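Structure first, then comments.
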Amino acid sequence: MTRNGTLPVIGQGRVSAMKNWRYIGMHAFAAAAFIFLLQRYALSATLESSLLWALTFGGCAAGLAYAPSNR
């Protein structure tokens with residue numbers, strides 16, 4: 001920080017990268033929550049199975065969200 005209390009200017013690339021990581025995280029969380037709720041309550045799967053599917057789908061969703069943001 002500078003003496004007058006303002007933050008230094010950050011390049012446009014860093015701001016866009018933070019938005020991309022936030023988008024990727026939200027995409028992964030939404031997919032994981034959806035598949036967990038579907039497996040656990042709609043399909044009556046066990047907790048372990050539901051968590052495993054949520055982790056798998058969350059990881060796949062993060063990969064799918066990362067692919068276009070990497071261009």
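Quick look at the values:
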quantity	calculated
Residue count for the range 32-68, restricted to those that are closer than 21 Å to ASN20 by Cα and in contact with a Lys or Arg (Cβ under 9 Å, 6 or more places away or on another chain)	0
Extreme residue, most open to solvent (accessible area, probe 1.4 Å), among residues of the range 30-71 that are of a type in the set (Ser, Thr, Tyr) and outside any helix (DSSP H, G or I)	SER44
The range 1-29: number of residues that are hydrophobic (A, V, I, L, M, F, W, C) and either open to solvent by less than 50 Å² (accessible area, probe 1.4 Å) or at pLDDT 95 or above (or both)	4
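The values are calculated or read from the model by the stated rules, or taken from the named source; none is laboratory data. From a predicted model like this one, the values you see are computed outputs, not experimental measurements. Because the Cβ atoms are built from the backbone with ideal geometry, glycine has one as well, and the counts that use them run over all protein chains shown. Each accessible area value is taken on the protein alone, full model and side chains, heavy atoms only, with ligands, DNA and RNA left out. Shrake-Rupley method; radii C 1.70, N 1.55, O 1.52, S 1.80 Å.
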